[in-house]
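The values are calculated or read from the model by the stated rules, or taken from the named source; none is laboratory data. Given the structure is predicted, the values throughout are model-derived calculations rather than measurements. Please note: Cβ atoms are built from the backbone with ideal geometry, for glycine as well, and neighbour counts cover all protein chains shown. SASA here: full protein model, heavy atoms, side chains in, ligands and nucleic acids out. Shrake-Rupley method; radii C 1.70, N 1.55, O 1.52, S 1.80 Å.
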Amino acid sequence: MTFTIIGLCVVSWILQLVTGGEWTRLWWFAPVIGEDEPYRFLTSAFLHSTSPVHILFNMYALWVTGPFLEQMLGRWRFVALYLLSAIGGSVGYLVLAGGPTSEGWYQPVVGASGAVFGLFGAILLVLRRTGRNAMQIVVLIGINFAIGLFFTGIAWQAHLGGLVVGLVLGAAYAYAPKERRTVVSVGATAVVAVALVAAAWLTYASADQVGHLVG
């Protein structure tokens, strides 16, 4: 599944280039449009900026972490982790965008960074659970999160959202008792999915109230 995801991202990036940005406009995410077109919470994770640096970094991170996590967690847990971390990135950006009175509410965002940070969070806990040295992952998370804080054009909110989802699911998948692993994994996946939907719904409900007051 890791290489399937990489392939989808690469094909999508090529379509972004050859369609002159039309493919990007079809699938990007911005808080202002996410309520009416919620599929964008996920599809934006398969888009990247036209600069090859963006997609190369994310695909390299996925290539490094994905096969290991897929082997350790199994296919369906890995896919759930990746997709929910991607959605978590969009939800994180939505919640922290500042509402409809801020510029961020109308700013389109793209990239697999939220999903990648979810993998970072999960692999950190899997490594600790298996007694391996996780310091390199801690440093990697810290450096990349700091880059998002100090450089413009990077949605650190999406990084944080994906990381939180990855840590929660990573803890559930890695530390569940063997005899209850399936039950715990399914339950944790469902709880995280519901929590993401609830966070988005509450944010939009609050934004609608602000809009009525301003109007």
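For beta carbons closer than 8 Å, sequence separation of 6+ or different chains, a first residue in segment 178-190 that is within 20 Å of Ser85 (Cβ to Cβ) and a second that is assigned to a helix (DSSP H, G or I) and charged (D, E, K, R), the qualifying pairs are Ser185/Arg77; Thr189/Arg77. So Val18 ticks every box in (1) among the aliphatic types (A, V, I, L, M); (2) open to solvent by less than 50 Å² (accessible area, probe 1.4 Å); (3) without any contact (Cβ under 8 Å) to a residue 12 or more places away in the chain; (4) over 22 Å from Leu96 (Cβ atoms) but one. Which box is left unticked? Answer for Val18: the failing condition is (2). If you check Ala146, Ala188, Ala207, Ala172 for being open to solvent by less than 30 Å² (accessible area, probe 1.4 Å), in a helix (DSSP H, G or I) and modelled with pLDDT under 90, only one passes: Ala207. For Phe78, indicate whether it is hydrophobic (A, V, I, L, M, F, W, C), open to solvent by less than 10 Å² (accessible area, probe 1.4 Å) and in contact with a helix residue (DSSP H, G or I) (Cβ under 8 Å, 6 or more places away or on another chain). Answer is yes for this residue. Test Val164 against the criterion of being under 23 Å from Cys9 (Cβ atoms), modelled with pLDDT of 85 or more, open to solvent by 60 Å² or more (accessible area, probe 1.4 Å) and touching a helix residue (DSSP H, G or I) at 6+ places or on another chain (Cβ under 7 Å), and give yes or no. Judged against the criteria, Val164 is a match. Of the residues making up segment 19-51, those that are over 21 Å from Tyr82 (Cβ atoms), of a type in the set (D, E, K, R) and part of a helix (DSSP H, G or I) are Glu22, Arg25. On inspection, Pro67 does not qualify as touching a residue at least 24 places away in the same chain (Cβ under 8 Å), over 19 Å from Leu163 (Cβ atoms) and not in a helix (DSSP H, G or I). Within segment 85-92, identify whether any single residue is under 29 Å from Met72 (Cβ atoms), of a type in the set (A, V, I, L, M, F, W, C), open to solvent by 20 Å² or more (accessible area, probe 1.4 Å) and at pLDDT below 90, and answer yes or no. For segment 85-92, residues under 29 Å from Met72 (Cβ atoms), of a type in the set (A, V, I, L, M, F, W, C), open to solvent by 20 Å² or more (accessible area, probe 1.4 Å) and at pLDDT below 90: absent. Scanning segment 39-62 for residues that are exposed (fewer than 14 other Cβ atoms within 10 Å of the Cβ) and modelled with pLDDT under 90 yields Thr50, Ser51, Pro52, Val53, Leu56, Tyr60. Screening segment 93-133 for residues that are open to solvent by less than 10 Å² (accessible area, probe 1.4 Å) and either of a type outside the set (A, V, I, L, M) or not in a helix (DSSP H, G or I) (or both) and picking the one that is nearest to Thr203 (Cα to Cα) gives Gly114.
Mind checking whether some residue in segment 150-157 is under 20 Å from Gly111 (Cβ atoms), surrounded by 13 or more Cβ atoms within 10 Å (Cβ to Cβ), at pLDDT below 90 and aliphatic (A, V, I, L, M)? Yes, because at least one residue in segment 150-157 is under 20 Å from Gly111 (Cβ atoms), surrounded by 13 or more Cβ atoms within 10 Å (Cβ to Cβ), at pLDDT below 90 and aliphatic (A, V, I, L, M).
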